[in-house]
Structures are given as C-alpha cells and as structure tokens.
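Okay, structure first, notes after.
The values are calculated or read from the model by the stated rules, or taken from the named source; none is laboratory data. Every value quoted in this text rests on a predicted model; they were computed, and no experiment measured them. Positions of Cβ are generated from backbone atoms using ideal geometry, with glycine treated the same way; all protein chains shown enter the neighbour counts. For accessibility, only protein heavy atoms count, side chains too; no ligands or nucleic acids. Shrake-Rupley method; radii C 1.70, N 1.55, O 1.52, S 1.80 Å.
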There are 2 protein chains.
Amino acid sequence: MSSVERQLDDLQAEIEAEVPGDITISDVTYEGPELVVYTRDPKEFASDGDLVRRLASKLRKRITVRPDPDVLSHPRDAEEQVRKIIPDEAGVTDLDFHADTGEIVIEAEKPGMVIGRHGSTLREITQAVGWTPEVVRTPPIESSTVSNVRNFLKQERDERRDVLERIGRQIHREEMADDEWVRVTTLGCCREVGRASFILSTPETRVLIDCGDKPGAEGEVPYLQVPEALGAGANTIDAVVLTHAHLDHSALIPLLFKYGYDGPVYCTEPTRDLMGLLQLDYLDVAAKEGRAPPYESEQVRETIKHTIPIEYGDVTDIAPDMKLTMHNAGHILGSAVCHFHIGDGLYNVAFSGDIHYDDTRLFNGAVNEFPRVETLVMESTYGGRNDYQTDQEDSERKLKEVINETYERDGKVVIPAFAVGRSQELMLVLEEAMRTGDIPEMPVHLDGMIWEATAIHTTYPEYLRDDLRDRIFHDDENPFLAEQFNHIDGGEEERQEVADGDPCIVLSTSGMVTGGPIMSWLRHFGSDPDNRMVFVGYQAQGTLGRRIQNGWDEIPMSGDRSRSSTLTLEMDVETVDGFSGHADRQGLENFVRTMNPRPEKVLCVHGDESSVQDFSSALYHEFNMRTFAPKNLETFRFE
Amino acid sequence: MSSVERQLDDLQAEIEAEVPGDITISDVTYEGPELVVYTRDPKEFASDGDLVRRLASKLRKRITVRPDPDVLSHPRDAEEQVRKIIPDEAGVTDLDFHADTGEIVIEAEKPGMVIGRHGSTLREITQAVGWTPEVVRTPPIESSTVSNVRNFLKQERDERRDVLERIGRQIHREEMADDEWVRVTTLGCCREVGRASFILSTPETRVLIDCGDKPGAEGEVPYLQVPEALGAGANTIDAVVLTHAHLDHSALIPLLFKYGYDGPVYCTEPTRDLMGLLQLDYLDVAAKEGRAPPYESEQVRETIKHTIPIEYGDVTDIAPDMKLTMHNAGHILGSAVCHFHIGDGLYNVAFSGDIHYDDTRLFNGAVNEFPRVETLVMESTYGGRNDYQTDQEDSERKLKEVINETYERDGKVVIPAFAVGRSQELMLVLEEAMRTGDIPEMPVHLDGMIWEATAIHTTYPEYLRDDLRDRIFHDDENPFLAEQFNHIDGGEEERQEVADGDPCIVLSTSGMVTGGPIMSWLRHFGSDPDNRMVFVGYQAQGTLGRRIQNGWDEIPMSGDRSRSSTLTLEMDVETVDGFSGHADRQGLENFVRTMNPRPEKVLCVHGDESSVQDFSSALYHEFNMRTFAPKNLETFRFE
C-alpha cells in the first residue's frame, strides 16, 4: 500500500469517527488539493450545515462531499425538484448533471440566490435530491471566452478528473527529503520588464512562478532550458503558479505543456479565462505577423485543463512541504500576490506579481498582510527615483476636459487602450462622468478585445472593488451594462458609420498602436483636426504609439493587400497620465512600509536596471532591510 | 559526417600543408584535449626539432605525434637501439612498448637525461626507431601508490584510449548555444570549511570543481542532488576539475562515477596519485570505523582511469567554450589555482583552491598572475580579522629549542602530523637543522602514510620549490633521502624498539590524534615526563588532539581486543604554530593585493562564517571590489 493510500485510509477513519453513525462514507480520494468524500447518505450529510466546515478544520484540508453514484435520483426527477427549490429570480440558464461525480453544475444570472444564506439553498437541494450542486455565474454580458472555457471543461470532464487525481496523489505524496532549504532562481524579468519567471525550490519541491514573454523583444524568453528550470525535463516541476493573466507573465505557460509538463497551473478563475483569451490572441497576432508561434492552441487548451482555480485567501496544499495562498494584487482582474508557506513553519516567501497599492475604481488596493513572510519578491516597474504618477483624480479631470473640448468642436475622441484592466477603468470613469453630467452623453464604442475582456470582468464581480461589486450585486446597476457602451462587432462598415456620425468616444486596442483595430481608427479619424487621440497608458520605446506621442505626424500605413501609403495626422494628440495598473514609486514604497509583517529580505525585480537599483537602494536605506537587485539566472538561498 | 569528423579532416589538411612533402599523415584524431597525429614517416617528422611546436602554435592545440603502427620496427630491435642512445647515467628501470600507439614508456631515475637538451635525445630515439618515447621518473623512494597507478594505467591502456577518444570528441563538439552567460553555483564550503564543490556553467558547458567531504561532519556532503549539479544525471557534467588532493576537496569524486559519470577528471599528475592514496585510505578508515563507505575501491580506479593530467601553465581545451590553466597554489604537492577562460574572450574566472601565498621550504608561493581574470573564487580559511600566524622562521626556532631541550633530558619527541604536506615540510626543517648542527643528529621515524606520501613527493620534484627541485636534480642531494629518516614498517615490534632506544623524533599520523599509529606512540611515550608531544597543525574542535592541547591528561585508550583503559599522560605537550599549508590573513590579502590583473569580483569561500564575512568586508573596503560571502546552494551570474 502506498503512503497516499495509507493516508486516505487514515482520513476515511477520521471522517467516519467524526460524522454521525447513520452516515456511510463509501470512499475518500484526492482531486488536486481537495479531499473528495463520497457518501451513500448525501441528504443526511447535508442536514448538518456545519459538518463540512468542521471536517475541513479538523483535517486541515479543502473538502468536497459527493454522493455515491449508486444512490442518485434520476436526473429528470432531480431537475424538476431543483428548479422548484431555486427561486425564479436566480435566473437559471443551464443545469448540467454529471452522474459520474453526482454533481449538478447550475449556471445562473444571480448565483447568490442559488446558494442562499450561508449555503442554505444548496443544502436544501442536496437534501432533496442527493446531488451536489455547484454554481457558476451566467455572464451578464455574453462572453465567448467564458462559455468556451466552460464547454471545454465540461467536455474534458473525465480526463480532467484523472489529471486531478494524479495531481492529488503527487501533492500528498510522502515527504522524502531530510534536508531543509529554500531557494529562488530568477529566470526572467530581472533588470528588465518582461518574461517574468522564477523557480521556488526546496529539497522536495520545485515550483515555477509565471512564464511570460518580453513584449518588443522577440526571442527573449525566460531561461527555461537551465537545469534548475526544465533542464532535467518539464515534468520535474511540481507546479506552475500564475500571478495574473498579462502575457509578460503568462504567454509561455502553454509551451511548458509542449515540453511535456502535465502538472497543475494554479491561478484565480478570472486569470484562467483572461489567460486563455490573451494566449489565443498571442497565437493570432503571431500568425498575422507571419511568425511561427511557439505552440498551438491545443496547448492553450491543455493549460486550461490543468488549471486549478484558487480563491483569494484560501490556503492550498500544492506540495508536501508547500502551501500557497493568493491575495488580491489590485493590478488587473484576478491578479494575485502569491504567498508560499514552506515546511512546517520553516520559511515564507511572497511574490508580489504586478501590484497597485491604492484602490482604483475597479479594484481594491493590493493586500500586504500575511501571517508571516521573511522574503518578498517585489515588482519595481515604477521603482525609479522619479517614477511618481499624477493623482488619478487630476487625471480624470484632465481626461474629462479633453473630451468636453473635443465635443464642443464637434470632434471625436479615440483612446488606444489595453483590453484588460485599463479599458474597464476608463469605462467606469466615462460612465460616471456621463451619469453625473460632467461630460455630455454620447456613445462609447469598444473595439478589439475590449468588449470580450469586459464581459469576463462582469462574470467575476467578486474580484472587483467592494463598492463596485456591491453595486453589481445588490443594486442591479452594473455600470458596464450602461447603454452608452457599444460593441463594435460590425467591422469596417460599422467603423465607417461611427466616423460619419456624431461626436463619440472610441476605446480600441492595441494599447501601444502596434496593430489591431486602432490602426483603422487612425485612418478614419486621423485627418480631421477636430478629432483627438488621447494616450492613457505607457507607450514603450519603438512602438508607433510612442512616436505619435512624440510628435510624428506622417504615419506609414499598410493598406489592404499590403499597398503602403502615408497618413498625415491632423488630429490633436494628448497624453493623460495616472491610469496605470502599476503602483508608482510612492505606492511601491507604501506597500513595503505598511507591509505586515515587514519582510527581512526584498528581491527587487520586474523593472529596468535603474529602477530596480534605485528601488533596492531606497528600501535598504529607508527600512534597513537586506535588499537585492538580482540578475536573471541567479539563485538566492534563504534558509 | 559529424562536425568533429569535418574538423579533423580540416586539421589533417592544414597539417599536410605545413609539413614537408615527404611526410605522410595517415590519421588525425583527438584523445582528450590532445590532437594525435599519426604519420608513416615518424623519423622524418622528428628530424625537424621545431615542427611539432610550430604546428601546435598554428593550430592552437596540444599535439602528440605517433608513428603509424605499420612502420614500427620490432620492439626487440628497437629496445636494443634505445638502450644504446640513452646514457647509462639516466638509470632506465623499465622500458614498455605499446605497439597499438607506437609509444615506448621509459621509466628512468633521471628523466632529464632521457629527454636531452630541448628534447634532443627523445628526437634521436624517434629518428632511430620510429617509436615515440614517453618518459616517467622512477620514484627515488619506492612508492607503492605510484607503481600501482602506473601498472593500473598500463593494464587499462586500451580502455583508457577509448575513454580519451570519446572525451576528445566531446571537448571538440560543435558549439550549440547562441546565448552567453557565465555562472558559479556553490555546492559546498560556503561559510564552512569542508565539502568544497562548485559548478561553473555556461549555456554550453557545466564543470564541477572539487567534490570533497567535510571532516568531522559525517553526512554533510556537497549538494550534488540539486538540478544544477547532478540532478539531471551525472553525465550532464562535462568535466571535473580538482584543485588538490586533500579529502575535503577530493573525497567524493569516485562517488560521481558510481552515479554514472564517465567524463574526464583534470588535475596535476601528483594530485592524481595523492588523491588515489587518500581516497583508498578514506575507504579504509570508514571500514575500520564500521561505517558504510559511499563507494568502493573500484570507483577510485575509475577516477584514476578518467584522469587527464595537466601541467602548470598549459592551456587546455576542456569544452568548446572553455580553456583551463592550472598554476601552482603553494598549498600541497600538485595543488593548483585553476583559471578558466570562457568563450572567445567573454570571461575569466579563477578558483584559488587552497593556497599558501609565501614560499615555504617545500613550495613556491601561489601564482597570482593571469592574462585576464574578472572573478576570483577565493579560499578564506584564515580570513578572520585575527588570523595572523607566527612567522615560519620563529616557528622553526621554537621547534628546534623544544627538540634540543628534550634531547638534553634524554627524552623523545613525537609530532602528530598530516601525511601530505606538513610532514615533508618538517622533514626539510629537521634535515637542515641536523646538517647545520642546530640540533643533534638522531633518527627521525616516519609512521603511517607519511613515508608513502614522501615517496610521491620525490617522484615529482618539478612540483617542489625551485631550489629544492634543483638540489634534487643537479646536486643529487635529495634531502628526503637523508639517512636519519626511517620508515616504520615493522609494526608494533619496531615501535617498541624505538621506545626502548635512544632519543629520537617521531612523525606520525593522524595529524589530529583521531586514530592511526599516533595512538600507539601515545602509549609508548606518554607516561614518561622526559618525552614531548609537539603539535604543529590545526587541531579541530572535538578531536583528541585538541583535548590534549587543552590540558587533558587522562586519555581513554581502547586496547587490543577492545579492552578499554586510561592512559595518564605524563609527557610535556607543546604547540608550535606557523607551519600551516594555508595563507594566513596577511597572505590572503597579499594574494589579492598583488594579483595581476586585479579581479572585479571576489567570492569568499572555504572559511567559517565569521572568517568569510571578515575577509569579504576587508577586501571590499581595502580594494573597493565587489565581494560576496556566498551561502551553499546559491548561483552567481557574472556575464
């Protein structure tokens, strides 16, 4: 009998001792980090509302209870009863019965009404039909990404369960190492922005954190080939942890599966969906630009199949000697500060990922409270000595002035924007400004992936800022559903209509004017001096956005069938700072200053050479910590 | 055709173009780092004394010329001619013909007389018989180690050639990596003394430098199991480089062969022999103490079979992007500072190994001149702020005083000493003191491995201090052959005779009184207050030597058949400092101060935590270098 079998036998005995005598436990097994308990008496199990919580706390495991397939009522009968129990206002859009696990996946417009107070409705369902309900939100804005991911996972359900069982046994294997140490190896994003990637290792476990590309530097990928990364085979890695969906953190995760990795990818649920959206777009862009993509869409699907969603604050076993907890990072939807607790109190390392310290309209500020943390691996994008940003209130005032001026002269505003994060922040600004009368009501056209990214945001309101979430939940006044917002889904024809029409605002990708529908908007709006182009995000060296910002007004355009022409830019160009998803220098310092507990060591990464050096030196002098500005390919030992 | 085949074809063409038209080149092949040129005209080749040197310089390779086996004269005829050519005074003790390679191995008491001025006698031999002569020294003191190693290599000659050909192809493989970086990973001896081990790596190549045990800390071995060491398989290492033979640098090299390594081990020839001696003793001690040895004597033989000897100053290709040069380190016989030149001028790293900066009686001081060096990995054994040693002259005066006093009261002196290095240094002191009349002539008995280690020293006089070597070469006054020196080879009976006899001096292992014949001398001499025990080396915490030094005089002794008894120590105990094989703090600083060129970075290793911290900080403040005191398991990137 393997050590995992023994462990499961012991757990089954413990559970049997804890539950009332009339409840039969037929099996206990691991699926990923969760302990799945099969019972022949699901109704009795559900009658004690506190039983699962008590078991979880006693066994220190995440627990899922499922009915033994033998005792299930027929789906047809069950469906009838379930529909009776759930109030109509919940807006159930799909009911999906999985006889193999006894689960019903219920998709509803208002998941809270399916769950009930403290889960009372869910328990009522189980008591009535025996099946275990699982609830997901019907996206308020239809999202093809969300529905593709859900359909794919439904279709791959059997194989996914096999994957999760294998991962579960791996996580709960017997600890073999008798040595103790904790190390971080840098594989990318050191003294540079882009290709974020780290290895966190102990004698027992090796975890890869992030695996991104480097925008604007084709071919500069993380150093995956070195022995301490994948050199000894992609399957020598225990787990992949993803802080957030942006491509400079996520782009190359599917490549790991091409190399033979078949372990878990831990991230939040919205990160999983956004990651899928961005990775497929990454392949698309590569194909359009005639580059050979490093992997196929098949590997994106593999990535999604291997993803184990984590909720903020949940402590999850990811290896015999490692627990992962994700916390809100305030940067984009689902972004996380990842905290690793190693050994039995041996050491704690937090990876900030990308953070925004202050609250924004979309998100609460980054969490920096932990039970313990000795080392912090900290982003430093705006860590330079002069990297202070304009206050968001001033930025919003300036943006509204620009819009008003343009409106008064009958012009149109076009804003190049990143699909994920900044666009939604701007939508909230514009919606409020129109609602309060700060700017006139007019259409806001969303082009490129912005609409789809927004749909994903509305699917996961739990990940948005408290008051925004409450508005969506309780007041039914979802600002993203405001009628001004129009999805450009009619291609060039629709764009032409917009161009010919009344004053309006256009948000379009790409955010740095390097391709995508913004090129079309340049053509439509560019030659009219009454129009305005407004930059709200960072424009990298070498991008067309940066050139336009710097005053270029002769823009080479490749027309249809690759005829080239030149566009003379007549419209005004403005820049409004202060909408960054990154903490500025002040925010970064505040994150560390108010961090509780204060870490002993900080590795400053994810910033240009001068930014990480400035920031490392500042933290050392202000807080007397041991700080480092690592290079790529270095290894630090902490314990 | 592989890239190595193409390379060899090109080299053959280049050689054919360079040599006179009457010389036929029948084959060109690699054996380890050497290029072996087979010719049908060995006599003509040998007639131009400068031809090989010109070829080596043009092709930038180490070149060996061998006759095509077809054209060899019969060994019987050849032997007669060879014996005629070599002067009788050379003292030939063995002639060994290897028809497969056309080599004659000539063992002689005076190799210089077989070689002749600038190799003239060797050339004369080839011109006469076609065979290629290779000369080794007949040990002036018979050494079973040297003869065992030589016999073993003779016996394994065929297999060794296969090994060398494989290694040769590996060294000269086509360079595949298009990336450039240089890293050092610490696997041991950081913030500690013992288990020296490092990985030097580039995208193309990984080299293991040293692989020692940690005396007094059973089980604390280098971190070989991590991915960047042997985690991906022992054969992912390109080469092993050994700085010197002491067990804290060499003990675990045979373990690599147990793990499946079958690549080269680079070290000097005396290091190879001393390493074999010490490793076999290591196994012996483990067996005697009832511990399971980590490997068998079979793996020691494998290590010797895979050893490629390097001479001081020779630049040797050990990988497509790495050249190794060893320089005298002044620490023990054959000890080397190892200099690595990486890429085509990309970077240079020097590993000090253990060094002695000043000249000693045995050795010239450590070399610290290099064409280039950016990073120095530096031993810091005596790097602490107070680690200054007594001047050797004062130490010698004190030792002689102690001996004279003891002699006058008719007592005997016993000195626990390490077999390799310190014993030979003392022998030189004692021989001179008796010759000049500073102390009376009396027998000096050598017990344990000291005699054997001394025999190895006399086999390689080229590795001794200039004037000592010259005395041995030219004046035929080898001090190690002085008649006072007596090898204790008669066991307990002989020891009893010595104990019953007249005043004398005994040098015996182990150096820290942790076992070996010194235990017997304690019994024989210990109860007589006229005798003296003199400590001349470092006594580690926890050893019996340290306790006696600190005043213990009730010594628990395990007698024959493990009866235990207690010895009351009546003899005087003295300590004479200043004979260390390590540079003291001043010597370490001087090594760096006078180093040419001055390195940019220094990693301070091989010292207790406080020593490396003190030394690292001192170098930083005095020379404004970037200095580090690494922990084990860290990786530093330099380029």
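With assigned to a strand (DSSP E or B), open to solvent by 30 Å² or more (accessible area, probe 1.4 Å), out of contact with any His (no Cβ under 6 Å at 6 or more places or on another chain) and of a type outside the set (K, R) as the only criterion, which of A:P556, A:P529 stands out?
The conditions single out A:P556.
Report every pair of residues separated by at least 6 positions or lying on different chains whose Cβ atoms are under 8 Å apart, first residue within the stretch B:25-49 and basic (K, R), second open to solvent by less than 10 Å² (accessible area, probe 1.4 Å).
Taking only residues 6 or more apart or on different chains, the pairs are B:R40/B:P67; B:K43/B:G130.
Being open to solvent by 30 Å² or more (accessible area, probe 1.4 Å) and in contact with a Phe, Trp or Tyr (Cβ under 8 Å, 6 or more places away or on another chain): is that true of B:R169 here?
yes
Of everything in the stretch A:118-138, what is open to solvent by 20 Å² or more (accessible area, probe 1.4 Å), closer than 22 Å to A:D41 by Cα and aliphatic (A, V, I, L, M)? Give them in sequence order.
Across the stretch A:118-138, the qualifying residues are A:L122, A:A128, A:V135.
Go over the candidates A:E483, A:E492, A:E441 one by one and state the one that is within 23 Å of A:L567 (Cα to Cα) and over 24 Å from the mean Cα position of the chain (by Cα).
It is A:E492.
Select from the stretch A:139-162 the residues that are buried (at least 18 other Cβ atoms within 10 Å of the Cβ) and without any contact (Cβ under 8 Å) to a residue 60 or more places away in the chain and list them in ascending order.
A:R150
Mind checking which strands (runs of 3 or more DSSP E) fall wholly inside the stretch A:1-117 and carry at least 3 residues that are under 22 Å from A:H172 (Cβ atoms), open to solvent by less than 40 Å² (accessible area, probe 1.4 Å) and at pLDDT 90 or above?
A:25-31, A:34-39, A:62-67
If I go through the stretch B:315-349 residue by residue, how many of them are part of a strand (DSSP E or B) and over 30 Å from B:S580 (Cβ atoms)?
Adding up the residues that qualify gives 9.
Among the numbered conditions (1) surrounded by fewer than 22 Cβ atoms within 10 Å (Cβ to Cβ); (2) more than 14 Å from every other protein chain (Cβ to nearest Cβ); (3) within 22 Å of A:V193 (Cα to Cα), tell me where A:V221 comes up short.
For A:V221, the failing item is (2).
Could you check the stretch B:276-314 and list, in sequence order, the residues that are surrounded by 15 or more Cβ atoms within 10 Å (Cβ to Cβ), modelled with pLDDT under 95 and outside any helix (DSSP H, G or I)?
B:P293, B:P294
Can you work out which of the residues in the stretch B:612-639 that are more than 14 Å from chain A (Cβ to nearest Cβ) and out of contact with any helix residue (DSSP H, G or I) (no Cβ under 9 Å at 6 or more places or on another chain) is surrounded by the most Cβ atoms within 10 Å (Cβ to Cβ)?
Here the residue is B:V612.
Considering only residues of the stretch A:397-440 that are closer than 10 Å to A:L507 by Cβ and polar (S, T, N, Q), which is surrounded by the most Cβ atoms within 10 Å (Cβ to Cβ)?
Only one residue fits best here, namely A:Q424.
Taking the condition of being of a type outside the set (A, V, I, L, M, F, W, C) and within 12 Å of A:T303 (Cα to Cα), how many residues in the stretch A:260-270 meet it?
Total satisfying the criteria: 6.
Here is a list: B:P479, B:P443, B:P461. Which entry is in contact with a Cys (Cβ under 6 Å, 6 or more places away or on another chain) and surrounded by fewer than 22 Cβ atoms within 10 Å (Cβ to Cβ)?
Within the list B:P479, B:P443, B:P461, the selection yields B:P443.
Could you figure out which of (1) buried (at least 20 other Cβ atoms within 10 Å of the Cβ); (2) away from chain A (no Cβ under 14 Å) isn't true of B:P227?
Going through (1) buried (at least 20 other Cβ atoms within 10 Å of the Cβ); (2) away from chain A (no Cβ under 14 Å) one by one, B:P227 breaks only (2).
Would you be able to say whether some residue in the stretch A:590-607 is of a type in the set (D, E), away from every other protein chain (no Cβ under 14 Å) and either open to solvent by less than 70 Å² (accessible area, probe 1.4 Å) or assigned to a helix (DSSP H, G or I) (or both)?
no
Can you give me the number of residues within the stretch B:172-190 that are more than 14 Å from chain A (Cβ to nearest Cβ) and surrounded by fewer than 21 Cβ atoms within 10 Å (Cβ to Cβ)?
4
Just one of the numbered conditions (1) touching a Pro at 6+ places or on another chain (Cβ under 9 Å); (2) within 16 Å of B:T575 (Cβ to Cβ) is not true of B:P416; which one?
(1)
So in the stretch A:608-623, with the set limited to residues that are in a helix (DSSP H, G or I) and among the acidic types (D, E), which one is farthest from A:A366 (Cα to Cα)?
That would be A:E609.
Any idea which of A:T568, A:T627, A:T594, A:T635 is of a type outside the set (F, W, Y) and closer than 30 Å to A:E425 by Cα?
Sole residue among the options that is of a type outside the set (F, W, Y) and closer than 30 Å to A:E425 by Cα: A:T594.
Condition test on B:V193, is it more than 14 Å from every other protein chain (Cβ to nearest Cβ), over 28 Å from B:L51 (Cα atoms) and open to solvent by 30 Å² or more (accessible area, probe 1.4 Å)?
Yes: the conditions hold for B:V193.
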